[in-house]
Amino acid sequence: MLTPRAQRTLETIDGQTLDEMRALRDETERFMLRYKFGMDEVITKLSILREEFNQTHDYNPIEHISSRLKSLDSVIEKMARKGIEPNFDTIRETITDIAGVRVTCSFVSDAYRIFELLTAQRDIRVIKVKDYIKEPKPNGYQSLHVIVEVPVFLSTGPHPVAVEVQIRTIAMDFWASLEHKIYYKYDRQVPQELLDGLTDAAHTASELDARMERLHREVHGAPRLPHVPRDIAV
């Protein structure tokens, strides 16, 4: 229901402008919906893998799958930060994390195994890999970030959609969740002592991952680590 002020403003707009506004709204909704469908496609692929491991294997590398779709406000804010032209083609080419899927696993070797299983599928195209496990961020964060392109089949035909997939251990996921809450509380102006504490905690989480991996190998043997294609890694 419109407020009285909004209603008065609406009454001053001519019919052609209203039609253009409605068309823009509908096009924006269709644009965002494609990213939701692309995200759903990736979730389905990962869920199938998880179910298969549960049913037919002794060990399941996938602990949890979550997802998020950026709000339109967040997309607009990122456009402003990047100085992107306000059109759908430019957004599609330059903003690749509108749809995001996060996979948590127990061990670092699992992250690479999940990467290999997902990207080996024929309809998945790898756009970019950021291997923060091999080269952690300065704050100690470790994760495997992959931008993949997946086809979404609509009534108008197939539409390729970019989806960001983050694969990280439970320990590092806990750390990242805490970091996000701290940055939100301080509106990104985090005191240096807290930043130092976060970095130290990230190193502790990494050491825990390494110790648990060693214990896991003693029980199950050394896993085969897949090769991450370095020509597309950033």
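Taking other residues whose beta carbon is less than 10 angstrom from the beta carbon of Pro61, and scoring Lys, Arg as +1 and Asp, Glu as -1, yields 0.
Within the same chain, lysines fewer than 8 places from Lys36 are excluded, and of the rest, those with a Cα less than 16 Å from its Cα are Lys45, Lys70. Listed peptides 32-38, 166-172 appear in the order 166-172, 32-38 once ranked by packing, highest mean of other Cβ atoms within 10 Å at the front. The amide H of Glu63, built 1.01 Å from its N in the peptide plane, has Thr104, Cys105, Ser106 as neighbours under 5 Å, considering only residues 5 or more places off or on other chains.
How large is the helix-only mean residue ellipticity at 222 nm for the chain, computed as the sum of -39500 (n - 2.57) over DSSP H runs with n ≥ 4, divided by its residue count, in deg cm²/dmol to the nearest 500? Write out the running numbers ahead of the final one.
Working: 7 runs with 125 residues, N = 234.
Helix contribution divided over all residues of the chain: -18000 deg cm²/dmol.
If you look at the Cα atoms of the chain, you get an Rg and a Dmax of 21.4, 74 Å. Pairs from the list Lys137/Lys181; Lys82/Lys185; Lys82/Lys134 with a Cα-Cα gap above 20 Å: Lys82/Lys185; Lys82/Lys134. Residues whose amide H comes within less than 5 Å of that of Val161, counting only those at least five positions distant or on another chain, are Val150, Val152 (H built at 1.01 Å from N in the peptide plane).
Laboratory data are not the source of any read-out in this text; all were calculated from the coordinates shown. Model, not experiment: these values are computed from the prediction. Counting neighbours? That spans all protein chains shown, and the Cβs are built from the backbone with ideal geometry, glycine included.
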